[in-house]
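Take a look at the structure set out below.
The values are calculated or read from the model by the stated rules, or taken from the named source; none is laboratory data. Since this is a predicted model, take the numbers as computed values, not measurements. FYI the Cβ positions are ideal-geometry reconstructions off the backbone, even for glycines, and counts take in every protein chain you see. Remember, those area values only see protein heavy atoms, side chains included, never the ligands or the DNA or RNA. Shrake-Rupley method; radii C 1.70, N 1.55, O 1.52, S 1.80 Å.
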Amino acid sequence: MSELTEKLKQDIIEHLNLEDLQPQDISDNEPLFGGAVGLDSIDALELIVLLEKNYGIRIDNPEEGRRVFQSVGSMASYIEQNRK
Amino acid sequence: MAARVFVTGWGIISALGRGVEANLAALKGGRTGIAHPEHLKTLHKHELVTGEVKAANSQLAAWAGVSPASEISRTALLGLLAAAEAADSAGLSQQELKTAGLINGTSVGGMDISEQHYEALLKGESLDYHRAFAGHDCGISTEFMAERLGIKGHLSTISTACSSSANAIMQAGRLIRAGAAQRVLAGGTDALAVFTLNGFNSLKILDPAWCRPFDVNRMGLNLGEGAAYLVLESEESAAKRGAKVLAELIGWGNTNDAYHQTASSPEGKGAYLAMKKALEVGGREGLQIDYVNAHGTGTANNDLSESMALQAMFGEQLPDYSSTKSYTGHTLGAAGGIEAVFSLLAINHNLKFPNLNLGQPMDVLPSAPLQKLHAGSRVDTVLSNSFGFGGNCTSLLFTR
Amino acid sequence: MRAYISGTSAISPQSTFEQEQYLQQLQVPEQAYLAALEPEYRQYIDPKLSRRMARIIKMSIAAAKKSLEQAGAATEAGGTAEAMPGAIIVGTALGCLQDTEKFLAEIVETREGLLSPTAFIQSTHNTIAGQIALLLGCPHHNFTFVQRGFSFERALEDALLQIGEGVPQVLLGGVDEVTPTLFQILQQLGCAEGAVGRYPHLQTSEQQPAWGEGATFFALTREPSANALACIEGMHTFYGAATAREVQEQIAAFLQHCGMDTGAVDALMMGFTGNRQEDEIYSQIAESYFPDKPLLGFKNLCGEYFTASAFGLHLAAIMLQRQQAFSGTLLSGELKSPFNNILLYNRSQGKYHSLMLLSS
């Protein structure tokens with residue numbers, strides 16, 4: 001799990017071009033939206049692309065995305081549960 | 001004394017048909033033009049519906065008297081057809097056209113052609129660059145139309161996403177009011193493109209089924225295409241020619257929501273300010289608005305935001321309103337022009353058009369959008385809204 | 001309608017962004033086109049906000065902010081507060097090419113598959129003006145003009161209309177970018193040729209112009225401020241093929257409209273590109289109608305592009321303010337101080353003609 005969260009943090013920083021952040025700056029349960037990381041609705045769409053491209057997991061409903069993308073931790077659990 | 005701005009001609013092509021009469025008939029008959037695309041070369045054509053103009057490029061070229069061998073973008077062909085109708089309906093002579101201006105609004109320009117050649121470009125395959133890319137930019141569509149119509153006056157193209165043609169009409173109004181122009185064709189054109197279809201799809205705001213603006217269960221918009229232009233003239237110019245006046249453009253407002261790149265603010269600040277400004281520019285105390293042709297795309301975000309703006313603007317005195325995007329789809333840069341023609345049809349035929357596909361209306365506003373054609377009661381004043389990416393909000397105010 | 005240039009900033013292929021080094025050392029092109037010298041953006045844009053921005057947007061925001069800062073300093077006696085403009089108006093013929101190309105390439109690569117929305121969102125022409133509004137929180141008039149060689153001129157015209165309608169301050173920009181793909185297409189279309197060895201010191205040849213880029217912004221004000229660089233006395237455009245004589249007739253009428261005699265023009269700035277055919281009309285006008293006037297160029301510094309006239313206007317304003325010509329700008333004659341006005345004539349594609357008169 002921690003390997004996955006580390007990889008996810010790296011992926012997020014890269015995909016969203018968060019050049020001022022390091023993986024250690026994002027804790028597993030920190031909110032990605034609205035908090036210090038400060039992602040917005042365009043990032044939510046980009047995260048859907050990231051999940052499908054890098055993890056083969058498809059989210060069709062942006063509302064579902066909101067729930068999944070609460071934190072790196074919630075993303076990791078979702079990936080664990082849905083990985084084929 | 002600032003010059004008054006009269007509308008003396010109109011022309012349109014949309015999913016509802018070619019020409020003002022065909023569009024009026026479809027609006028009155030409650031017939032949508034939205035269907036699975038037949039001409040757009042997209043892999044999504046079986047999954048998505050669009051407001052496509054039901055004619056191939058070769059047909060459009062034939063109608064416009066353009067050689068089918070010349071690869072002219074669909075955007076420019078649609079534009080030429082609608083603008084020619086507008087000039088014709090205004091009864092403008094060749095000489096009168098020569099001194100007229102053309103202010104065009106478009107967001108995709110010649111993308112429908114260039115996107116078909118982009119793969120060859122990436123692969124370094126042999127390519128006729130002239131055919132592929134010479135017509136790509138927005139300005140060349142306007143140049144082409146002006147040259148075909150014999151227009152030699154003021155030439156301009158505005159590209160502000162989905163408010164482009166509303167802004168073109170507004171700009172013509174401002175130039176005429178300031179005495180800087182006498183006669184201007186203004187409106188806009190946009191063709192469906194694989195680029196925009198996939199773009200909106202990536203934003204997850206396309207409803208795969210027929211769009212339902214202002215419905216609680218709305219799922220997004222349908223893209224459309226088309227073109228529409230008005231002939232706008234100073235009072236003096238219209239009087240000199242003895243032109244028939246269709247309506248007067250009395251107000252306009254362009255504002256920026258300054259909230260988000262694509263989404264509207266929850267309270268609809270930009271939309272509210274645009275409507276307010278249009279009424280201020282209109283400058284008539286106690287003016288009653290008979291009908292609002294809303295932007296109403298069918299996305300969760302726009303329709304809520306616009307409803308909040310209408311609420312802030314009108315409160316309990318909310319005029320009848322509807323979105324005609326359920327007929328035409330969202331025609332992007334052409335939407336302001338197309339809906340300006342619909343607004344003028346409302347005034348000239350005392351009609352208010354319904355919102356199609358409405359199941360359960362949103363309950364933000366004191367009343368639901370119109371669900372049936374309203375005929376018979378006078379329509380003297382119409383407000384038409386067009387909003388776009390980048391927070392761009394425009395409102396136009398027409399009166400009899 | 002006239003307007004005062006109370007602030008202006010250009011990111012161009014030359015060192016024009018930093019005031020202290022303004023055109024001190026001319027850049028010699030090392031690649032096929034003249035690429036803009038970009039500053040460190042951190043000072044102008046929060047990295048959190050800039051992370052999605054393509055370079056054309058970053059260039060524009062930096063130049064826009066600097067123009068407003070200058071104007072703010074001018075109106076508030078030493079203060080640096082940016083007064084909120086009453087309108088943001090941008091001319092850009094080709095818009096945000098980098099993002100357009102990126103999204104097109106993704107469509108090809110994925111076969112209309114799963115696509116990142118960011119490039120699409122930022123591909124629209126009004127991204128530049130929209131982003132500036134978002135950053136400033138500016139709720140006012142926000143227009144983008146895209147008419148090839150008139151893109152900047154239409155934006156300037158709109159700015160003058162705004163000022164005529166009573167708006168005290170307008171933020172105005174002329175922006176275009178060049179990408180390797182654009183240059184390849186222009187080359188294939190016979191519109192541009194390589195820049196190496198030809199610029200910045202103008203050499204006339206049969207070669208097509210070298211292509212350039214830049215973001216040039218102005219804070220225009222209705223009232224003259226103490227630090228205003230120059231005054232735009234007027235702008236005029238005409239479209240279509242025209243002989244030197246016809247252009248001169250337009251110049252004469254334009255100057256008369258501005259209340260000025262042809263003889264009172266102190267200097268002439270024109271869009272010489274180095275292409276013999278393109279430049280012929282400029283030479284004819286200079287020789288026949290302004291034989292003893294100093295002749296200035298600007299496209300040898302910024303390259304040819306559809307909104308290059310914005311850079312010409314910027315350069316002319318700086319010259320009037322500093323009362324000097326810069327290395328590479330004086331093509332003939334002598335620019336003697338004091339000079340009080342510069343007439344700018346630009347032609348694009350042989351048919352987009354524009355005239356601007358600038359006074360100190």
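Brief remarks on what is shown
- Solvent-accessible area buried by C and B, counting both chains, probe 1.4 angstrom, square angstrom: 4800
- Protein-protein interface of region C:31-64, residues with accessible area decrease of at least 20 Å², isolated chain reference, 1.4 Å probe: C:ARG42, C:PRO47, C:LYS48, C:ARG51, C:ARG52
- Share of carbon and sulfur in the accessible heavy-atom surface of region B:49-208 [1.4 Å probe, %]: 51
- Estimated at the nearest 10 Å², the accessible area of C:HIS201 is 100 Å² with a 1.4 Å probe.
- In this view, the solvent-accessible surface of C:SER360, computed with a 1.4 Å probe and all protein chains in place, comes to about 80 Å².
- 10 Å Cβ neighbours from other chains, averaged over peptide B:132-140: 6
- Residues in region C:276-308 that a label on C:ALA105 would reach, taking backbone N under 16 Å of a point 7 Å out along Cα→Cβ: none
- Take B:56-62, C:312-318 and order them by the average number of nearby Cβ atoms within 10 Å per residue, most first; the result is C:312-318, B:56-62.
- Three semi-axes of the equivalent ellipsoid, chain B, Cα gyration tensor, whole Å, largest first: 30, 27, 18
- DSSP H segments from chain B that extend 18 Å or more along their own axis, Cα-based, with Kyte-Doolittle mean of -0.5 or above: B:74-89, B:164-177, B:269-282, B:300-314, B:335-349
- Ratio Rg/Rh, restricted to region C:3-221 and using Cα atoms, in which Rh is the Kirkwood radius: 0.98
- Taking each residue as 0.36 nm, the span from C:THR204 to C:LEU114 lengthens on full extension beyond its C-alpha to C-alpha distance by 27.4 nm.
- In the protein assembly as shown, a dipole from Cβ-located charges (positive for Lys and Arg, negative for Asp and Glu) runs towards its positive end, and of B:ALA56, C:LEU331, B:VAL5 it is B:VAL5 whose Cα lies farthest in that direction.
- Accessible surface area normalised per residue over region B:5-399 is 31 Å², counting heavy atoms of protein chains with a 1.4 Å rolling probe.
- Distance distribution note for the protein assembly as shown: the fraction of Cα pairs above 37 angstrom is 42%.
- Nearest-10 value in Å² for the accessible area of C:HIS236, using the 1.4 Å probe: 60
- Length added when fully stretched, B:GLU119-B:GLU316, from 0.36 nm per residue minus Cα-Cα: 65.5 nm
- Multiplying the residue separation of B:GLU235 and B:SER377 by 0.36 nm and subtracting their alpha-carbon distance yields 48.4 nm.
- Near B:HIS154, the amide H atoms lying under 5 Å from its own belong to B:GLY101, B:LEU102; only residues 5 or more places off or on other chains count, and H is placed 1.01 Å from N.
- Here the calculated FRET efficiency for A:GLU52 and A:GLU19, from their Cβ-Cβ distance with R0 = 30 Å, stands at 0.80, rounded to the nearest 0.05.
- Taking B:VAL184, B:VAL216, B:VAL53 as the candidate residues, the one with maximal mean-square fluctuation in a Gaussian network model of chain B, Cα springs under 10 Å, is B:VAL216.
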